[in-house]
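My questions will all concern the structure given below.
Here, each number is a calculation from the coordinates, and none is a lab measurement. None of the values given here were measured: they were computed from a predicted structure. When we count neighbours, we look across all protein chains shown, and the Cβ atoms used for this are built from the backbone with ideal geometry, even at glycine.
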Amino acid sequence: MRVAVMFSGGKDSNYALFWALNQGWEVTNLITMYSENKESYMFQVHGVEITEYQSKAIGIPQIRVKTSGLEEEELYPLIDTLMKLDIDGLVVGAQRSEYQRRRFDFVCEEVGIRSFSPLWHKTPTKILREMIEQGFEIMIVAIAAYGFDSSWLGRVLDNNSLQKLCELRDRYGINIDGEGGEFETAVLYGPTYKKRVVISDYDVVWRMHSGYIIPKKVDIVDA
């Protein structure tokens, strides 16, 4: 099975890649969407600027696709890209968003390939704990929910911070998987990486209960 993986650089797309490789499939490309709509419901916005480094650290070629972010137009560049690839399927990191899954299913139907969503309705805490135990280094690069403060930005998740996320969920009702836009992540290292991505310097943009980091210095180093 030859597949491409939708790759935002966050925890979900990295897990989808991990799953696909564990099936013994050949992952031909990582496909990253660059949306002009900074409020996109379809594609991750923050953190995608380091996907070029992640692709090199993983060792799988990346295809970057620009899209307007307009709902009626944003899928066509992706369809055009997939039409040119010799693949059997597309693997995506959708968890609970019917909107996202339906639209990816539509894309795959148009192209004539299969759609795979290995995270679909999996228990979020179980997935995060598994990723931490597997050695994934998951950095929080954006937050947008009551209960967070700026100290979360740039934090790499471990079991202690996962427990704090669970406490925020219980107190404020946030989604532990960030599916509601509460936070976004970037993976710096993991079992699918040949090298490690290091964000050694970044700026923080913070307003009220939301903010994000802007990487200033990113390197790839030996693991």
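Taking only Cα atoms, what is the 0 to 90° angle, nearest 10, from helix 124-133's long axis to the longest principal axis of the chain?
The angle comes out near 90 degrees.
Next question, about the same structure. Assuming R0 = 25 Å, can you tell me the calculated FRET efficiency for the pair E130 and R196, based on Cβ-Cβ distance, to the nearest 0.05?
0.80
May I ask for the angle, rounded to the nearest 10°, between helix 98-111 and the longest principal axis of the chain, with both axes built from Cα atoms and the value confined to 0 to 90°?
Once rounded, the angle reads 20 degrees.
When ranked by the protection proxy of mean other Cβ atoms within 10 Å per residue, highest first, what sequence do the peptides 16-28, 197-209, 73-85 form?
Peptide ranking by packing, descending: 16-28, 73-85, 197-209.
Based on Cβ point charges of +1 for Lys and Arg and -1 for Asp and Glu, what charge dipole magnitude is obtained for the range 2-116 about its Cα centre, in debye rounded to the nearest 20?
400
Per residue of the chain, what 222 nm ellipticity follows from adding -39500 (n - 2.57) for every DSSP H run with n ≥ 4, rounded to the nearest 500?
Only helices count here, giving -9000 deg cm²/dmol.
List, in the order given, every pair from K11/K217; K126/K194; K56/K164 whose Cα-Cα distance in the structure shown is over 27 Å.
Where the Cα-Cα span goes over 27 Å, the pairs concerned are K56/K164.
Check cross-link reach from K84 to the lysines: straight Cα distance under 19 Å, and skip same-chain residues fewer than eight apart.
Qualifying lysines at Cα under 19 Å: K66.
Related question: Compute the helix-to-body angle for 11-22: its Cα long axis versus the longest principal axis of the chain, expressed 0 to 90° and rounded to tens.
It works out to around 50 degrees.
Taking every pair of distinct Cα atoms and averaging 1/r, then inverting, what Kirkwood hydrodynamic radius in Å comes out for the chain?
Across the chain, the inverse of the average 1/r is 17.6 Å.
Check cross-link reach from K216 to the aspartates and glutamates: straight Cα distance under 13 Å, and skip same-chain residues fewer than eight apart.
K216 reaches E49, D201, D203.
If I model a spin label as a point 7 Å beyond the Cα along the Cα-Cβ vector, how far apart are those points for A223 and K164 in nm?
Here the answer is 2.7 nm between the modelled labels.
Which trypsin sites (Lys or Arg not before Pro) does the range 102-200 hold that lie in a coil by DSSP with at most 16 other beta carbons within 10 Å?
K122, R155, K194
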